[in-house]
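Have a look at the structure below before the remarks.
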Amino acid sequence: MNAPTFRPRRSCLYMPASNPRALAKAKTLAADTIIFDLEDAVAPDAKEEAREQACAALQSGEYGNRELIVRINATDTPWFAQDLQQACRSKADAVLVPKILSADDIVQISDLMDAYDPHLNTRLWAMIEMPLAILNLKEIAALGAEHRLTTFVMGFNDLAKEMHAEQDRSVFGPVMTQAVIAARAYGLNIIDSVYNDFSDPIGLEAECLEAKKLGFDGKSLIHPAQIETANWVFAPHADAIAEAEAIIAAFNDPVNAGKGVIVVDGKMTELLHLKQAKQLVAIAEAIAAFGK
Ligand code: COA
Ligand code: MG
């Protein structure tokens with residue numbers, strides 16, 4: 001397989017870790033990734049209980065092959081240190097840290113993680129939701145890759161608030177492109193922001209399609225009703241798989257042996273397209289295997 005470390009992150013479902021019904025329900029849901037939230041969705045009085053419940057969930061072994069993430073509270077809050085320590089000790093797949101501003105933040109957090117998790121079980125994911133983070137995208141992605149950082153998660157609710165902008169997706173087009181470019185330049189994954197109106201599947205699908213087109217790996221979600229749409233949009237579709245298989249077959253044809261450019265289905269097709277085609281087929285296979 002071309003992408004041995006690939007794992008699907010089409011659907012990344014947030015849930016308040018203070019909500020035991022949501023934590024129980026998540027064991028039955030087809031989300032690729034579960035994000036136990038200790039931050040925005042948890043009231044101050046419930047922070048400690050939420051942390052305990054998230055850690056118990058992590059250690060329960062009851063979430064199958066879903067990737068388990070804890071969104072902790074920001075570095076300048078009284079809960080940050082304990083959140084980070086407990087999430088690492090409970091072997092979360094990653095901690096998602098909100099309100100990241102700079103590469104320095106990433107270095108400081110990963111230094112702390114080295115003490116709690118010397119065996120590197122837990123990765124670092126960064127919320128990109130502050131104006132300064134947008135200005136520092138390149139530095140964060142570049143330094144982060146050496147400091148456990150594997151994934152950007154866009155947070156447009158907070159970014160709109162900070163920018164004094166309207167909650168209108170069109171505002172974020174340039175930011176989405178910049179963030180994807182920064183992430184890909186340094187080998188990071190990137191997940192789109194949430195769609196708040198969870199009773200509107202048409203609007204959700206439009207946002208998922210837009211994000212997929214721009215290169216995002218998946219979408220963060222807030223409600224189980226959104227999972228199927230994200231899983232469908234962000235998986236390679238049958239027509240794309242057929243096209244990829246035709247490219248692979250054409251390059252395997254002995255008449256094309258040694259050629260760098262050929263014609264497939266009337267289109268110029270180069271070795272870079274072959275590489276892309278193999279990657280797409282590998283992703284489709286990984287998703288199929290993940291669901292089993
Ligand atoms: N994860 C897991 N299960 C969830 C869920 C989630 N995010 N949201 C809802 N559910 C469950 C409910 O518990 C309920 O299951 P149950 O009947 O077994 O209890 C079922 O899905 C239907 O829920 P519904 O009644 O439609 O929604 P609600 O009114 O209970 O909750 C929200 C609506 C928005 C409060 C809830 O979806 C939520 O908390 N979402 C996540 C918010 C969050 O984490 N925000 C931070 C990131 S922006
Ligand atoms: Mg927020």
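One residue is enough: does the range 116-123 have a residue meeting the conditions assigned to a strand (DSSP E or B) and within 16 Å of ligand 1 (Cβ to nearest atom)? So far as the range 116-123 goes, no, none of its residues is assigned to a strand (DSSP E or B) and within 16 Å of ligand 1 (Cβ to nearest atom). Of the residues in the range 31-38, not one is at pLDDT 95 or above, surrounded by fewer than 19 Cβ atoms within 10 Å (Cβ to Cβ) and not assigned by TED's automatic domain parsing to the domain that holds ILE283.
Residue-wise test of (1) within 16 Å of ligand 2 (Cβ to nearest atom); (2) farther than 30 Å from LEU280 by Cα; (3) part of a helix (DSSP H, G or I).
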residue	(1), (2), (3)
ARG7	no, no, no
ARG21	no, yes, yes
LYS27	no, no, yes
ALA31	no, no, no
ASP45	no, yes, yes
ARG51	no, yes, yes
ALA54	no, yes, yes
GLY64	no, no, no
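Scanning the range 247-292 for residues that are more than 30 Å from the chain's Cα centre (by Cα) and assigned to a helix (DSSP H, G or I) returns ALA249, ALA250, PHE251, ASN252, PRO254, VAL255, ASN256.
This table checks each residue for (1) under 23 Å from MET127 (Cβ atoms); (2) not small (Gly, Ala, Ser).
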position	(1), (2)
ARG9	yes, yes
PRO16	yes, yes
PRO20	no, yes
LYS25	no, yes
ALA30	no, no
ALA43	yes, no
GLY64	no, no
GLU67	yes, yes
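All of (1) buried (at least 23 other Cβ atoms within 10 Å of the Cβ); (2) in a loop (DSSP other than H, G, I, E, B); (3) within 14 Å of ligand 1 (Cβ to nearest atom) hold for LEU13 with one exception: (2). Checked against the criterion of being of a type in the set (S, T, N, Q), surrounded by fewer than 15 Cβ atoms within 10 Å (Cβ to Cβ) and more than 16 Å from ligand 2 (Cβ to nearest atom), the candidates THR177, THR150 yield just one match: THR177. When ASP76 is tested against (1) crowded, with 18+ Cβ neighbours inside 10 Å; (2) outside any strand (DSSP E or B); (3) within 16 Å of ligand 2 (Cβ to nearest atom); (4) not polar (S, T, N, Q), only condition (1) is not met.
Every listed requirement among (1) touching a Pro at 6+ places or on another chain (Cβ under 6 Å); (2) closer than 22 Å to PHE6 by Cβ is met by MET127 save one, (2). For ARG7, state whether it is touching a residue at least 60 places away in the same chain (Cβ under 8 Å), surrounded by fewer than 22 Cβ atoms within 10 Å (Cβ to Cβ) and either within 12 Å of ligand 1 (Cβ to nearest atom) or within 30 Å of LYS275 (Cβ to Cβ) (or both). Against the criterion (touching a residue at least 60 places away in the same chain (Cβ under 8 Å), surrounded by fewer than 22 Cβ atoms within 10 Å (Cβ to Cβ) and either within 12 Å of ligand 1 (Cβ to nearest atom) or within 30 Å of LYS275 (Cβ to Cβ) (or both)), ARG7 qualifies.
The values are calculated or read from the model by the stated rules, or taken from the named source; none is laboratory data. Since the structure is predicted, the reported quantities are computational estimates derived from the model, not experimental observations. Note that we place each Cβ from the backbone using ideal geometry, even for glycine, and neighbour counts take in every protein chain shown.
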